[in-house]
Structure formats: structure tokens, C-alpha cells
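The values are calculated or read from the model by the stated rules, or taken from the named source; none is laboratory data. No experiment lies behind these values; they were computed from the predicted model shown. Here the Cβ is made from the backbone with ideal geometry for all residues, glycine too, and neighbour counts use every protein chain on show. These accessible areas exclude ligands, DNA and RNA; they are computed on the full protein's heavy atoms, side chains included. Shrake-Rupley method; radii C 1.70, N 1.55, O 1.52, S 1.80 Å.
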Amino acid sequence: MDISVIVPLYNEAESLPKLYEWIARVMKENKFSYEVIFVNDGSTDESWSVIEKLRVESLEDGAKAPTGESLETRVERGEVHGICFRRNYGKSAALYCGFKAAQGDVVITMDADLQDSPDEIPELYRMITEEGYDLVSGWKQKRYDNKLTKNLPSKLFNATARKVTGIQLHDMNCGLKAYRKEVVKNIEVFSEMHRYIPYLAKNAGFTKIGEKVVQHRKREFGTSKFGINRFVNGYLDLMTLWFLNKFGKQPMHFFGLVGSLMFFIGFIAVIVVGGMKLYALSHGVQAMLVGVNPYFHIAILMMILGCMLFLAGFLAELVIRNSPSRNDYLIKEEI
């Protein structure tokens, strides 16, 4: 199968028929064999009923195929698959399940709100298959969102992401992306990490990451499901990914180093405070009691915190040592 199109959605019943019709038309024009996987993220509207209807229609089209028609030709008609969550888990969970189910050589992800154009699929597919990219991310260079609440925060978010990840993408969180199949089968999207899939791919060893300017369309139905809090959460998630990539396998390198430095500085400070007291006593000078000296208490606190950080790193190393995935490495090929 050439392409798997994964569409995570939440309360997008009105847009689904038009989106599927558009995807099917593009696939037919380019003679792609394909499947469309709709992942219903706990919608409270009629989204699942619409997906079931699209599934039945796709099966009926397949049943009408001429007798003796080849498998390749029948697959070109397209297959509709649906995954329905019992409640809303978020986009990352939807993409994780979609990636797990995908069978196409190239996997395309797109939003269900009709703001992503399926007309971009053929070029994205070509960049993966002919130019050898592992991942191609869309760049909505011209946007129709509110400039104050979405565009400006998005620019700041992407500038920070480029600095931290080293991946020079203008729109890392764009929902329209194309992946080589090996990429989606070797990364794990969790929590709200869908914003940083290119970074997850890079950390897994898929370093040929490209970008394509794509069309951004105005929303036709419904309202946006994302609020301003996604930028705060996105920053925290970015720091988490950076830390896991840097120290995920050797936590002692971080906690042990910081803890040792804090303990050493606190220990030197205690010696200095004690030395100053002894110097004052030896010269008959009245000096502040060590027990009421604020620098003494700060030094002791630093020593205690240093010990706690060192122990945290040691315990983290014990956890990793007993983890069944401690020696999981991605192997590109064997001969």
C-alpha cells in the first residue's frame, strides 16, 4: 500500500464527508493505493456515526468491483478504518494509535477541520519516496488565524523549538506531515508530545527532515479545540524532551554533577564560616554565633540539597538498570 492517511479528530462531524471525498479524489487522480484511518478522540457529536457511514460506503464500493479485479486496483478504491476512544485522550494518543495501525509505505497526518489541503499529498509523497526524506513537515507560511492569539505566540514557540532541538523548521506543530513508515513504527508519541514529532524522530536517528510550504485554509465548520495554554504546556514538554534526550540514559550525569557541586560549595561555605569564627575567637574579637549566622544555614541547606540530588540520580540509575528497555537500540540494517 502506498499511503496511509491518519486523521485525528474531535467533534468534526460536519467536515468529515467533504474531507474524505477530497482525499479520495486526490488519491484516484494520482493512482495511489491508500487507506484513511480516522481516530475519533472521544467526540461528543455525530463524528463516529459519520465514520461508520464512510466505512460502509467504502466497503460497498469494493463490493461493486468487477469480478477478477486485481488487489492493487481494489486497494486504489481506498479503505476506511476507524478507531474510537471512549473519552478524549488528546491528539498524541490519537496519533499513537493511528501510527500503530498504519500499513502504508508513506504515512500522512492531517487535521480534520479542512484547514489542511489533501492536494499537498502527492508532493509530500514524492519528497519521501524520491528525495529520500524521513519526515517532511508542512509550513503554513500564510495563515488565516488571529495574529495576536495564535500567529505571534506560534512564531515565538517555533523559534524556541528551533534553538533547543536544532531542527530548522518554521512550523514544527503543523498537523500536515509525511513520514516514512519506519519512522512512525519506531517512535512513541505520548503525553502531548505530538508537537515535537520531528524532534522525536531526530532522537530516534531519523535525521533527514525536510519542510514544504503548504496551503492554510480557513476553518469551514466548528471552532478550534486548542487554547492559549498549549504554548505553556508546549514549552514544558520541550524541556522534558530535551532532558530525556540529554540525560534519559544517564540521569546521574545531571543529578550527580549538580548535587556534587552544591554539596562541595556548601561544604566550603561551612568551613569558611567556621574559620571566620575561630579567627575572631583567636584575636579576641566578638563574632556572631555560628548557629545564628544565616550563611551557615544556607551552606547546610546546600549540602542537604546536594545529597538529595545525588541520591535522586543514584535511584534513577537503579531504575534504568532494571528497565526492560535499557538496551533497546534502533538498528538501521544488518548484513
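Laid out as a table, the results:
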| read-out | value |
| --- | --- |
| Filter result (assigned to a strand (DSSP E or B) and at pLDDT below 95) within segment 101-133 | Asp116 |
| Filter result (open to solvent by less than 50 Å² (accessible area, probe 1.4 Å), in contact with a Ser or Thr (Cβ under 8 Å, 6 or more places away or on another chain) and not small (Gly, Ala, Ser)) within segment 289-335 | none |
| Test: residue in segment 207-217 that is touching a strand residue (DSSP E or B) at 6+ places or on another chain (Cβ under 7 Å), over 24 Å from Tyr10 (Cβ atoms), surrounded by fewer than 18 Cβ atoms within 10 Å (Cβ to Cβ) and of a type in the set (A, V, I, L, M, F, W, C) | yes |
| Hits in segment 291-306 (condition: of a type in the set (Val, Ile, Thr) and either within 45 Å of the chain's Cα centre (by Cα) or under 18 Å from Ile265 (Cβ atoms) (or both)) | Ile298, Ile300, Ile304 |
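Residues checked against (1) at pLDDT below 85; (2) closer than 29 Å to Gly104 by Cβ; (3) surrounded by fewer than 21 Cβ atoms within 10 Å (Cβ to Cβ):
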{"position": "Leu135", "(1), (2), (3)": "no, yes, no"}
{"position": "Arg143", "(1), (2), (3)": "yes, yes, yes"}
{"position": "Asn146", "(1), (2), (3)": "yes, no, yes"}
{"position": "Arg162", "(1), (2), (3)": "no, no, yes"}
{"position": "Glu182", "(1), (2), (3)": "no, yes, yes"}
{"position": "Asn186", "(1), (2), (3)": "no, yes, yes"}
{"position": "His194", "(1), (2), (3)": "no, yes, no"}
